[in-house]
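Asker: My questions will all concern the structure given below.
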Amino acid sequence: MLKLSRKRDVSNSSNALLFCREWLNAPLLVGAVAPSSLALGAAITKGIDVTSAPVIELGPGTGVFTSALLASGIPQDRLALVETSEKFSSILAARYPGVAIIRSDADRLRHITPFGGNGAGAIVCGLPLMSMTRAKVMRIVSNGFSALRPGGVFRLFSYMPVCPVSGNTLDRLGLAANKEAFVPANVPPACVYTLQRKDELL
């Protein structure tokens with residue numbers, strides 16, 4: 001038991017160091033100086049299970065949310081990770097050999113279609129949307145929903161007490177945002193939101 005605990009501590013320390021280095025190289029793209037916590041990983045993937053597959057993750061970083069998705073029952077071959085960082089992509093490929101790693105910007109998701117015509121049941125977004133322009137956020141969310149099947153959900157988080165997708169953007173895309181959880185154990189504390197198509201909530 002002690003050996004497993006030490007191994008996890010070493011892994012977490014390694015993740016934090018790598019994340020910090022990537023943040024120093026591209027602070028706006030990474031958006032945080034430390035990886036998300038296990039608590040945030042559990043909160044943002046809550047309710048996502050094998051029936052949600054296939055699933056797409058945007059900005060997986062070191063794989064905290066990826067591990068939570070796999071633990072929830074998503075098969076590796078039904079999970080695709082979209083990551084721009086070469087370093088993060090290499091780490092993810094080594095850790096999750098059965099998962100598709102796509103080196104691309106998330107705002108091109110409409111053109112990637114990792115699962116062909118089979119729409120994803122969920123998208124989990126770890127991108128720092130609050131640090132991006134409204135136009136880029138619009139493209140990421142719009143293209144994300146183009147990859148979701150009817151009833152699909154878009155999960156995301158924010159370090160601010162508001163949804164990182166503006167009300168104007170939500171209205172233009174016909175979407176509704178619902179706050180799902182507050183995670184004080186994360187550093188910094190974070191809020192989890194779910195985006196859904198308004199016409200599917202009626």
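The values are calculated or read from the model by the stated rules, or taken from the named source; none is laboratory data. What you see is a predicted model; the values in this text were computed from it and never measured. Quick reminder, even Gly has a Cβ in these numbers, built from the backbone with ideal geometry, and neighbours come from all protein chains shown. When the accessible area is computed, the model is the full protein with side chains, heavy atoms only, and any ligands, DNA or RNA have been set aside. Shrake-Rupley method; radii C 1.70, N 1.55, O 1.52, S 1.80 Å.
Asker: Which residues, taken from segment 136-153, are closer than 17 Å to D105 by Cα, touching a residue at least 40 places away in the same chain (Cβ under 8 Å) and not in a loop (DSSP other than H, G, I, E, B)?
Answerer: Of everything in segment 136-153, those that are closer than 17 Å to D105 by Cα, touching a residue at least 40 places away in the same chain (Cβ under 8 Å) and not in a loop (DSSP other than H, G, I, E, B) turn out to be I140, V141, G144, F145.
Asker: List the residue pairs whose Cβ atoms are under 6 Å apart, where the first residue sits in segment 95-117 and is under 15 Å from L69 (Cβ atoms), the second is assigned to a loop (DSSP other than H, G, I, E, B) and open to solvent by 40 Å² or more (accessible area, probe 1.4 Å), and the two are 6 or more positions apart or on different chains.
Answerer: Between residues of segment 95-117 that are under 15 Å from L69 (Cβ atoms) and residues that are assigned to a loop (DSSP other than H, G, I, E, B) and open to solvent by 40 Å² or more (accessible area, probe 1.4 Å), the close pairs are A100/P114.
Asker: Within segment 89-147, work out how many residues are in contact with a Lys or Arg (Cβ under 9 Å, 6 or more places away or on another chain) and small (G, A, S).
Answerer: Here the count works out to 10.
Asker: Does segment 163-174 include one or more residues that are in a loop (DSSP other than H, G, I, E, B), open to solvent by less than 10 Å² (accessible area, probe 1.4 Å) and within 19 Å of L38 (Cα to Cα)?
Answerer: Looking through segment 163-174, none of the residues is in a loop (DSSP other than H, G, I, E, B), open to solvent by less than 10 Å² (accessible area, probe 1.4 Å) and within 19 Å of L38 (Cα to Cα).
Asker: Using the structure shown, decide if Y193 is in contact (Cβ under 8 Å) with a residue 24 or more places away in the chain, open to solvent by 10 Å² or more (accessible area, probe 1.4 Å) and in contact with a Leu (Cβ under 9 Å, 6 or more places away or on another chain). Talk me through it step by step, then tell me what you get.
Answerer: Working: in contact (Cβ under 8 Å) with a residue 24 or more places away in the chain: yes; open to solvent by 10 Å² or more (accessible area, probe 1.4 Å): yes; in contact with a Leu (Cβ under 9 Å, 6 or more places away or on another chain): yes.
So Y193 passes the test.
Asker: In addition: Return yes or no: is N178 at pLDDT 95 or above and open to solvent by 20 Å² or more (accessible area, probe 1.4 Å)? Steps first, please.
Answerer: Details: at pLDDT 95 or above: yes; open to solvent by 20 Å² or more (accessible area, probe 1.4 Å): yes.
Spelling it out, N178 is indeed at pLDDT 95 or above and open to solvent by 20 Å² or more (accessible area, probe 1.4 Å).
Yes or no, residue by residue, for (1) over 21 Å from F145 (Cβ atoms); (2) part of a loop (DSSP other than H, G, I, E, B):
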| residue | (1), (2) |
| --- | --- |
| S36 | yes, yes |
| A39 | yes, no |
| I48 | no, yes |
| T51 | no, no |
| I56 | no, no |
| G61 | yes, yes |
| F65 | no, no |
| L70 | yes, no |
| G73 | yes, yes |
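Asker: Something else: What number of residues in segment 57-92 are closer than 13 Å to R103 by Cα and either open to solvent by less than 10 Å² (accessible area, probe 1.4 Å) or out of contact with any Cys (no Cβ under 7 Å at 6 or more places or on another chain) (or both)? Please lay out each step first, then the result.
Answerer: The first filter runs over segment 57-92 and keeps only residues closer than 13 Å to R103 by Cα, leaving 57-61, 80-92.
When the remaining residues are screened for being either open to solvent by less than 10 Å² (accessible area, probe 1.4 Å) or out of contact with any Cys (no Cβ under 7 Å at 6 or more places or on another chain) (or both), the result is 57-58, 60-61, 80-92.
Residues in segment 57-92 being closer than 13 Å to R103 by Cα and either open to solvent by less than 10 Å² (accessible area, probe 1.4 Å) or out of contact with any Cys (no Cβ under 7 Å at 6 or more places or on another chain) (or both): 17 in total.
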